Amino acid sequence: MSTRVPLPYTPKVLELFRNPKNLGKIDNPDAFAQAGSPACGDVIRIYLKISRKNKEDLIEDARFESYGCAANIAAASTLTEMIKGKTTREAWEIGWNEVADQLGGLPPIKRHCSILAVGGLRRAIRHYYKENRPDWLPSDLTIAEKQALEEEEIIERLYGGKIAKK
Ligand code: FES
């Protein structure tokens, strides 16, 4: 008999894990980034389609691929829903805790799964502006980006995997 105790996921997390929205890639995305490490399997890829309208960059479509856990899949599903139709600036300002709130909360041990999703999104947005950084985009890495980076470094030390830092 298994002695493992099921994690206290909310019904929303379980529903989105079973039926994630925006799963898959976008061909020829305007922005793309990966966060996590293929070495341990906790990897998320974010794809964005962005168009310029009224001097704003609008996220027309957002999709993801996740090789993370149920919480990561649910977080990425929610995050991609939240950013569709928003400007890149609005999307940038979404924090991991807002994503977790939308899910009805995450077990403390699973908060990093939401951080990884937000870190991936911010990396994609940063990548999009790599030639021409707007004023609102901080030149220094944000906490979510640093945490995603730290997690990758820990995983790399543990597993010796190669990390894609797009
Ligand atoms: S993404 Fe690593 S445990 Fe959820």
Complete set of residues in the stretch 122-143 that are surrounded by 13 or more Cβ atoms within 10 Å (Cβ to Cβ), farther than 13 Å from residue 36 by Cβ and not β-branched (Val, Ile, Thr):
122, 124, 126, 127, 128, 129, 137, 141
Would you tally the residues in the stretch 83-99 being over 12 Å from the mean Cα position of the chain (by Cα), free of Cβ contacts under 8 Å to residues at least 40 places away in the same chain and in a helix (DSSP H, G or I)?
3
Say whether the condition of being among the basic types (Lys, Arg), out of contact with any Lys or Arg (no Cβ under 9 Å at 6 or more places or on another chain) and either at pLDDT 95 or above or surrounded by 14 or more Cβ atoms within 10 Å (Cβ to Cβ) (or both) is met by at least one residue in the stretch 10-20.
yes
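Which one of these is surrounded by 15 or more Cβ atoms within 10 Å (Cβ to Cβ) and within 16 Å of the ligand (Cβ to nearest atom): 62, 31, 70? Reasoning before the result, please.
On the way: 62 fails: within 16 Å of the ligand (Cβ to nearest atom); 31 fails: within 16 Å of the ligand (Cβ to nearest atom).
Unique residue meeting the criteria: 70.
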The stretch 9-33, residues that are touching a Gly at 6+ places or on another chain (Cβ under 7 Å) and closer than 22 Å to residue 88 by Cβ
33
The lone condition residue 36 fails out of (1) closer than 18 Å to residue 123 by Cα; (2) away from the ligand (no atom under 16 Å from the Cβ) is (2)
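Count, please, the residues in the stretch 100-136 that happen to be within 14 Å of the ligand (Cβ to nearest atom) and in contact with a Leu (Cβ under 8 Å, 6 or more places away or on another chain). Walk me through how you get there before you give the answer.
So in the stretch 100-136, the residues within 14 Å of the ligand (Cβ to nearest atom) come out as 100, 103, 106-120.
Cutting the leftovers down to in contact with a Leu (Cβ under 8 Å, 6 or more places away or on another chain) gives us 100, 103, 107, 109-110, 113-114, 117-119.
Here the count works out to 10.
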Given (1) in contact (Cβ under 8 Å) with a residue 60 or more places away in the chain; (2) away from the ligand (no atom under 16 Å from the Cβ); (3) closer than 21 Å to residue 151 by Cα; (4) not in a strand (DSSP E or B), number of the condition residue 21 does not satisfy:
(3)
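The values are calculated or read from the model by the stated rules, or taken from the named source; none is laboratory data. Computed from a predicted structure; not experimentally measured. Using ideal geometry, Cβ is built from the backbone for each residue, glycine included, and neighbour counts are taken over all protein chains shown.
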